[in-house]
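Have a look at the structure below before the remarks.
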Amino acid sequence: MPDYYDERETRSPQDRESALFHALPALVAHAQETAPAYGALFEGVDAKTIDSRAALAELPVTRKSELLERQGDAPPFGGFAATATAELSHIFASPGPIYEPEARRYDYWRMARALFAAGFRRGELVHNTFSYHFTPAGFMLESGAHALGCPVFPAGGGQTESQIQAIAQLKPSCYVGTPSFLKIIFDKAEESAADVSSITKALVSGEALPPSLRQGLADRGIAVRQCYATADLGLIAYESEAMEGMIVDEGVILEILRPGTGDPVDSGEVGEVVVTTFNPDYPLIRFATGDLSAVMEDPSPCGRTNWRIKGWMGRADQTTKVRGMFVHPSQVAAVVKRHAEVLKARLVIGSADNQDSMTLRCEVSEEPSGALRAAIAESIRDLCKLRGQVEFDAPGSLANDGKVIDDIRSYE
């Protein structure tokens, strides 16, 4: 019988949902009172009423681009941090730069849960190859390992030969880092006949894990699991021994939204991952990751009962340039909202004879009229400032891949 990090992982979905939304009003009130950016964003919001998914969906979505803009106006955190800089333990910088705080709190990024699900246990030495410079990845995994009671070798990135020497001498059983670097370490170790076989389990992130790479590492005796985390939010989801999708972390509320909107998609539909984290120091609420995924219908075979997502399925920001002008998913969403007959739409960008073309393919439930086609075409001109064609499709005919804008132009 599998063991779990804590009892929250196996509680009923109803109990989990009740607990999350019982706690949400206090989080919203805390953000309004202590984080100036949320005081402005949530002006007029009665925190006590934000106690359901429907109520949460009425709040605005916050994006990384907004963090960057607000941090420029109000450094270092743009008014989103609820804890004074003097009370923090670290400040990190992701590309942008976007600054992220780390407070003096146990397992700040909640990574211990993912490490435990990957098989890491108290006392095992963890070889950490994530960067310790500027970005928080190294510290994220180190804090989780310490929460489990695991010592850490802070290897950082690069210096493959020195990494191999340290592994051969220290005999760590656990690895954290990217899967491709783990393969490089083992490939180089084989060339020099160095023994790195002490590593038998790994938690990887930061890049794709193709089945062939996972199997290749498994053939070398390494059980590889992956997790999904960001510098802003911490842990979002993680793999268990079942390796069927990623299980959502117990410390967040996850939504899947139609790209360019704040609207939840239907169950199983691909959309943008948006997360609310119960972090009192950095209470990000409806924070858009920019990543696409979908919720899986059934609970994990491992016995954990939280939602599962399919993992990374692409980027939600599908902004593209057509005839010299940018077209955004939010503009496509605005066109759809003007016409109740349209259930779902996708803007297809093509090219013929070096001329860009736009076609809005619309799913409609009833036989469309010529007047509806003309009205939608007018909305495209009005909202996108470009001319586009309109085509109609039956419900369910558009691919479930999260695409709102599909750029099929070829530049070969």
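The values are calculated or read from the model by the stated rules, or taken from the named source; none is laboratory data. Quick caveat, the model's predicted, so the values are computed rather than measured. Because the Cβ atoms are built from the backbone with ideal geometry, glycine has one as well, and the counts that use them run over all protein chains shown.
Here are some notes:
- Considering residues of the stretch 190-216 that are more than 25 Å from the chain's Cα centre (by Cα) and under 15 Å from residue 172 (Cβ atoms) only, the residue surrounded by the fewest Cβ atoms within 10 Å (Cβ to Cβ): 195
Conditions tested, residue by residue: (1) under 17 Å from the mean Cα position of the chain (by Cα); (2) within 30 Å of residue 386 (Cα to Cα).
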{"site": "248", "(1), (2)": "yes, no"}
{"site": "270", "(1), (2)": "yes, yes"}
{"site": "273", "(1), (2)": "yes, yes"}
{"site": "289", "(1), (2)": "yes, yes"}
{"site": "304", "(1), (2)": "no, no"}
{"site": "314", "(1), (2)": "yes, yes"}
{"site": "320", "(1), (2)": "no, yes"}
{"site": "326", "(1), (2)": "no, yes"}
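- Number of residues in the stretch 356-398 that are touching a residue at least 40 places away in the same chain (Cβ under 8 Å) and on the phi < 0 side of the Ramachandran plot equals 10.
- Subset tally (residues that are in contact with a strand residue (DSSP E or B) (Cβ under 6 Å, 6 or more places away or on another chain) and either closer than 26 Å to residue 94 by Cα or at pLDDT below 95 (or both)) for the stretch 139-154: 6
- Residues of the stretch 184-210 that turn out to be within 16 Å of residue 225 (Cβ to Cβ), in contact with a Leu (Cβ under 9 Å, 6 or more places away or on another chain) and modelled with pLDDT of 95 or more, as a count: 4
- Criterion (more than 24 Å from residue 20 (Cβ to Cβ), surrounded by fewer than 16 Cβ atoms within 10 Å (Cβ to Cβ), in contact with a Pro (Cβ under 8 Å, 6 or more places away or on another chain) and without any contact (Cβ under 8 Å) to a residue 60 or more places away in the chain) met by exactly one of 133, 90: 90
- Residue 289 vs. criteria closer than 20 Å to residue 238 by Cβ, of a type in the set (Ser, Thr, Tyr) and at pLDDT 95 or above: no
- Listing of strands (runs of 3 or more DSSP E) fully contained in the stretch 241-287 that carry 2 or more residues being farther than 19 Å from residue 19 by Cβ and small (Gly, Ala, Ser): none
- Selection of the stretch 261-287 for residues being under 20 Å from residue 347 (Cβ atoms) and crowded, with 23+ Cβ neighbours inside 10 Å yields 271, 272.
Yes or no, residue by residue, for (1) charged (D, E, K, R); (2) surrounded by 21 or more Cβ atoms within 10 Å (Cβ to Cβ):
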{"residue": "312", "(1), (2)": "no, no"}
{"residue": "318", "(1), (2)": "no, yes"}
{"residue": "334", "(1), (2)": "no, no"}
{"residue": "341", "(1), (2)": "yes, no"}
{"residue": "350", "(1), (2)": "no, no"}
{"residue": "355", "(1), (2)": "no, no"}
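- Test result for residue 33, of a type outside the set (Phe, Trp, Tyr) and either within 25 Å of residue 296 (Cα to Cα) or not in a helix (DSSP H, G or I) (or both): no
- Scanning the stretch 233-255 for residues that are more than 24 Å from residue 88 (Cβ to Cβ) and either crowded, with 24+ Cβ neighbours inside 10 Å or among the aromatic types (Phe, Trp, Tyr) (or both) returns 237, 238, 239, 240, 246, 247.
- Near pairs, Cβ below 7 angstrom, 6+ apart or cross-chain, from the stretch 156-176 (at pLDDT 95 or above) to any residue that is surrounded by 20 or more Cβ atoms within 10 Å (Cβ to Cβ) and among the aromatic types (Phe, Trp, Tyr): 174/120; 176/130
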